[in-house]
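K.L.:
Please read through the structure below; I'll follow up with questions.
The values are calculated or read from the model by the stated rules, or taken from the named source; none is laboratory data. As the structure is a computational prediction, the values presented were derived from the model and not from experiment. Cβ coordinates were reconstructed from backbone atoms using ideal geometry, including for glycine residues, and neighbour counts include every protein chain displayed. The area values use the complete protein model at the heavy-atom level, side chains included, leaving out ligands, DNA and RNA. Shrake-Rupley method; radii C 1.70, N 1.55, O 1.52, S 1.80 Å.
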Amino acid sequence: MKELVILSGKGGTGKTSLTAAFATLASGCLLCDADVDAADLHLLMQPVIRKRTEFQGGGVAVIDPQRCTSCGTCVDLCRWSAIGPDVVVDEIACEGCGVCVDFCPEQAIDFPIKTCGQWFISDTRCGPMVHARLGIAEENSGKLVTLVRQQARQLAEERGLDLILTDGPPGVGCPVIASVGGATSVVIVTEPTVSGIHDMARAIELCRHFKVPVMVCINKFDLNPDNSTTIERMAREGGLPVVGRVPFDQAFTRAMVQGKTLLEFDGNGSAASVLRQVWAAIMNTPAMTAGQQTAA
Amino acid sequence: MIISIASGKGGTGKTTVATNLAVSVDGPVQLLDCDVEEPNAHLFIRPSIRETKTVTTPVPEIDLEKCNQCKKCAEICRFRAIAVLGDTVLTFPELCHSCGGCMAVCPEGAITEKGRELGVLEAGAMNGVSFVHGRLRVGEAMSPPLIRAVRDRTWADGLTLIDAPPGTSCPVIAAMKDTDFVLLVTEPTPFGLHDLQLAVEAVKILDIPMGLMINRADVGDDHVRDYARAEGLPILMEIPFDRQIAESYSRGDMFALAFPEWKARFREMIEKIETMTGKGAGAQ
Ligand code: SF4
Ligand code: SF4
């Protein structure tokens, strides 16, 4: 089984629109949305949820005013100033370390486990999908991403699908780290802007760190041809395949407004034919073809 | 006054707005780039960096001479960052949240703390804009302490602009918490609207006044405006899609400097925010 993770570093490069378009092109894959914080893939795939499961995160301190003697022990120990002088816990600031719970001489602090999100197994017109929603202002996004990817693998195995297409989160932090470990390959969707180049470089460094093969796809490449040339040079120097140059096209936004992938919106347009080539190039990279004989 | 510039979705133009605002206002202004995973504001402001500081977070260090393997440290740690195995104590610094619980509980005084590097903080200035950003070490997962270190540089008075990370989870909360106003940058597309709704919920939890800036205002559909009306959220400014603006952005240029009429509009927006919050640029 192979897992292709789509990342971008910088947000807004068109990562999710491309992931959805690839889902239309891959004949039979499992979709996995690892952007649990601001997931958008479902807006294009309209998944029908078949199974919904609560995601348990860490605990949160709750002080029982009946038992509390206002000794101030917890206030002094808390490194997040989450317990004010009035001995009330600020749930947003609480890190869930539970140190106050263990040190409270009156045992006045409870530590209930919080439900901090939900994850779903769904069906879409392009195949099954595993996705999640982290609660607003919650922590543990990395844990939820890890869980979603595990479930995606399990489901793909059950259904006999050998490709998982994962829409990754932006950035290079905790949820991204949880998205790349053990992936077959990563496609970085970048754009020819100074920010796009800067963030791509950091995303590449991250993938190197976790020893995952990387390929680069330049979206809106005609917006700044000089910067696109710079991206190609950087990829070449790093020995990374450039799998596509996708022109800027308002059709992507129009497709999004209709809740369609670009190929469903206009399968005969120029952007669609470019995307077909990009997908073929991705599936032809050494990372994606490796071991194909043995698998078949 | 502290204004956070945020957006649920990445790539809506948050950094464009933060940097153009910074160069548009008169008087002293400070820009704190708290998007430490992908700090980009410096590519536009191009400050001369005068200070570089490594930011660390405390993690336990065990003195095995003093340790008697009582396991109290492993029991208190909710993040499984410390384990007692045979006559040795293992720590997993990348899992440690720096709560200090193990050090406080150890009856033998065997635990002290040492700093673990999260990234760097850089500070400088350019054209009257005082600039600070954090740069998370690639491979590092723990961004909030670095964001807080950048936030600690907030001026006691004057205008502070915060470029917040995308999303609605712990990093963006660390960036927006205790600021006076949140300017949410969005675009009128289904993705823009969906992520805006999440961001609005996060700002409501923090109980901070907010307003919208619609970027690429003429693409997509009208649902963002309908939503703003229904929620009573003021739309403070709109920027149309303009290939010239997009190209200037791609080069790392700030269009408020090239087009004075935009500079005036950014300034007007600050004035609106001052009126809404009842705070002048100087007040905190
Ligand atoms: S400081 Fe807290 S999180 Fe870190 S090892 Fe000690 S108990 Fe665990
Ligand atoms: S609490 Fe102190 S003495 Fe006990 S196992 Fe941990 S380090 Fe050793």
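K.L.:
Consider B:Ala256 against the criteria (1) farther than 30 Å from B:Met142 by Cβ; (2) surrounded by 20 or more Cβ atoms within 10 Å (Cβ to Cβ); (3) within 14 Å of another protein chain (Cβ to nearest Cβ): it satisfies all of them except one. Which criterion is unmet?
P.N.:
Looking at each condition in turn, B:Ala256 falls short on (3).
K.L.:
Just need a number here: residues in the range B:245-284 that are closer than 23 Å to A:Pro225 by Cα and either among the aromatic types (Phe, Trp, Tyr) or modelled with pLDDT under 90 (or both).
P.N.:
Result for the range B:245-284: 7.
K.L.:
Name the residue that is nearest to ligand 2 (Cβ to nearest atom), counting only residues in the range B:80-93 that are within 33 Å of the chain's Cα centre (by Cα) and assigned to a loop (DSSP other than H, G, I, E, B).
P.N.:
Taking the candidates together, the pick is B:Ala81.
K.L.:
Need at least 3 residues that are surrounded by fewer than 24 Cβ atoms within 10 Å (Cβ to Cβ) and over 13 Å from the mean Cα position of the chain (by Cα) per element, so show me which strands (runs of 3 or more DSSP E) inside the range A:1-85 make the cut, counting only ones lying wholly within it.
P.N.:
Because the criterion is at least 3 residues that are surrounded by fewer than 24 Cβ atoms within 10 Å (Cβ to Cβ) and over 13 Å from the mean Cα position of the chain (by Cα), the strands (runs of 3 or more DSSP E) in the range A:1-85 that meet it are A:48-59.
K.L.:
On to the next question. Quick check on the range B:11-43: of everything there that is in a helix (DSSP H, G or I) and open to solvent by 10 Å² or more (accessible area, probe 1.4 Å), which residue is nearest to the other protein chains (Cβ to nearest Cβ)?
P.N.:
B:Leu43
K.L.:
While we're looking at this one, here's another question. Condition (residue is touching a residue at least 12 places away in the same chain (Cβ under 8 Å) and under 20 Å from the mean Cα position of the chain (by Cα)) applied to the range B:221-237: is it met by at least one residue?
P.N.:
no
K.L.:
I've got another one for you. I need a count of the residues in the range B:103-142 that are more than 19 Å from the chain's Cα centre (by Cα), more than 16 Å from ligand 1 (Cβ to nearest atom) and in a strand (DSSP E or B).
P.N.:
So the answer is 1.
K.L.:
Considering only the range B:50-62, state which residues are away from ligand 2 (no atom under 16 Å from the Cβ) and either surrounded by 14 or more Cβ atoms within 10 Å (Cβ to Cβ) or within 14 Å of chain A (Cβ to nearest Cβ) (or both).
P.N.:
B:Val55, B:Thr56, B:Thr57
K.L.:
Could you please tell me which pairs satisfy a Cβ distance under 7 Å, a separation of 6+ or placement on different chains, a first residue in the range A:84-104 that is closer than 14 Å to B:Phe79 by Cα, and a second residue that is open to solvent by less than 30 Å² (accessible area, probe 1.4 Å) and outside any loop (DSSP other than H, G, I, E, B)?
P.N.:
A:Gly96/A:Gly58; A:Gly96/A:Gly59; A:Cys97/B:Gly101; A:Gly98/A:Gly59; A:Val99/B:Ile76; A:Val99/B:Gly101
K.L.:
Here is a follow-up. Yes or no: the range B:150-164 includes at least one residue that is more than 11 Å from ligand 1 (Cβ to nearest atom), open to solvent by 20 Å² or more (accessible area, probe 1.4 Å), of a type in the set (A, V, I, L, M) and farther than 30 Å from A:Thr73 by Cβ.
P.N.:
yes
K.L.:
Restricting to the range B:63-85, name every residue that is crowded, with 17+ Cβ neighbours inside 10 Å and away from chain A (no Cβ under 12 Å).
P.N.:
Listed by number, the residues that qualify are B:Cys67, B:Ala74, B:Ile82, B:Val84.
K.L.:
Another question, then. Tell me whether the range A:192-207 contains one or more residues that are among the acidic types (Asp, Glu), in a helix (DSSP H, G or I) and buried (at least 24 other Cβ atoms within 10 Å of the Cβ).
P.N.:
Looking for residues that are among the acidic types (Asp, Glu), in a helix (DSSP H, G or I) and buried (at least 24 other Cβ atoms within 10 Å of the Cβ), one finds at least one in the range A:192-207, hence yes.
K.L.:
Hey, another quick one. B:Cys96 - would you say it is within 14 Å of another protein chain (Cβ to nearest Cβ), in contact with a strand residue (DSSP E or B) (Cβ under 6 Å, 6 or more places away or on another chain) and either more than 10 Å from ligand 2 (Cβ to nearest atom) or of a type in the set (Gly, Ala, Ser) (or both)?
P.N.:
Here the answer is yes, as B:Cys96 does meet what is asked.
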